[in-house]
Amino acid sequence: MQTKTMRTQKSGLRCPAKTEISHQRAEKFYALALLWFAVSFLGWCAETLHFLLRWHDFTDRGFLIMPLCPIYGFSLCTIYLIAGTPENGRLRPLFRKAQKLPRFARAAAVFGLFILYFLFAALFSTAAEFATAALFDKIFSVTLWDYGYKRFHFSGYVSLDQTLLWGASVTLVMAVVWEKLLKCIQKIPPLAAKYTAAILLAAAGADFLFNLIYLCATGVHLVLY
């Protein structure tokens, strides 16, 4: 009887802790979802501005009707979940060890670790870009982007300069502003973050489904402008 009572008390003590962990995970998910939308929107803005300045063409830069380029949000959020930021993620123990080295050795070690992060970010983002472009091209006959005009490219899906740009931009964003952005979003009241994320995710899902049905029905991608 005493043993059963002790077990009940222990389980009772564990429940609040588990509940707190669940709440923290949920809040982190909502924050990352909102950050995904923010990055996807900024990516859409950058793509639109690039086309406007280079080719003087204001064109719909994405598959969705919403002003989003999901490849940006997917790449950065997934890299964050896998590797974290350069100095506070998977490489953190190595950065700490580097701080104990002599001055020039420390600088070389830190530089090498940033290069390592750069390579991972570049390769992962390029793989995501290639998979997305190939999927839409082969299955839906939709060309989301074409790097065929560049000197070093592969099937028009990816290019060397874009890979380098991916690595540099992701590393810079993760090292300088990512954690600040995440902290700002986490200041949003949990209930507001939850419902905002849910509404945006539902809208994006409906947007994708509508465009997919339209594409299958008509054989062409819906382009608004």
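Taking 30 Å as R0, compute the FRET efficiency from the Cβ-Cβ separation of Arg106 and His50 and round it to 0.05.
It comes out at approximately 0.20.
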Note, ³J(HN,Hα) from phi for the range 90-102, Karplus 6.51, -1.76, 1.60, rounded to Hz, x at Gly and Pro: 4, 8, 4, x, 6, 5, 5, 5, 5, 5, 8, 7, x
Karplus (6.51, -1.76, 1.60) ³J(HN,Hα), θ = phi - 60°, over the range 117-127, in Hz, Gly and Pro reported as x: 5, 4, 5, 5, 4, 5, 5, 5, 5, 5, 4
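Anything over 21 Å Cα to Cα? Flag those among Lys18/Lys194; Lys18/Lys180; Lys100/Lys180; Lys97/Lys187, in the order listed.
Working: Lys18/Lys194 19 Å; Lys18/Lys180 27 Å; Lys100/Lys180 27 Å; Lys97/Lys187 33 Å.
With Cα atoms farther than 21 Å apart: Lys18/Lys180; Lys100/Lys180; Lys97/Lys187.
With r defined as the distance between the Cβ atoms of Leu191 and Leu224 and R0 fixed at 45 Å, what FRET efficiency is calculated, to the nearest 0.05?
With a Förster radius of 45 Å, E is 0.85.
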Difference of contour (0.36 nm per residue) and Cα-Cα distance, Leu164 to Gln99: 20.6 nm
Net charge of neighbours whose Cβ lies under 15 Å from the Cβ of Asp57, counting Lys and Arg as +1 and Asp and Glu as -1: -1
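Lys and Arg at +1, Asp and Glu at -1: add these up for the other residues within a Cβ distance under 13 Å of Pro93 and post the number.
On the way: positive: Arg90, Arg92, Arg96, Lys97, Lys100; negative: Glu87.
Its environment carries a net charge of +4.
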15 Å beta-carbon shell around Trp178, net charge (K/R +1, D/E -1): +3
Nearest-0.05 FRET efficiency for Thr78 and Lys28, computed from C-beta distance (R0 22 Å): 0.90
Potential lengthening between Ala203 and Phe152 on full extension [0.36 nm per residue; Cα-Cα distance subtracted]: 14.6 nm
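No value in this document is a laboratory result; all are computed from the given coordinates. Bear in mind the structure is a predicted one, so any value in this text is a computation, not a measurement. Ideal geometry is used to build each Cβ from the backbone, glycine not excepted, and the neighbour counts take in all protein chains shown.
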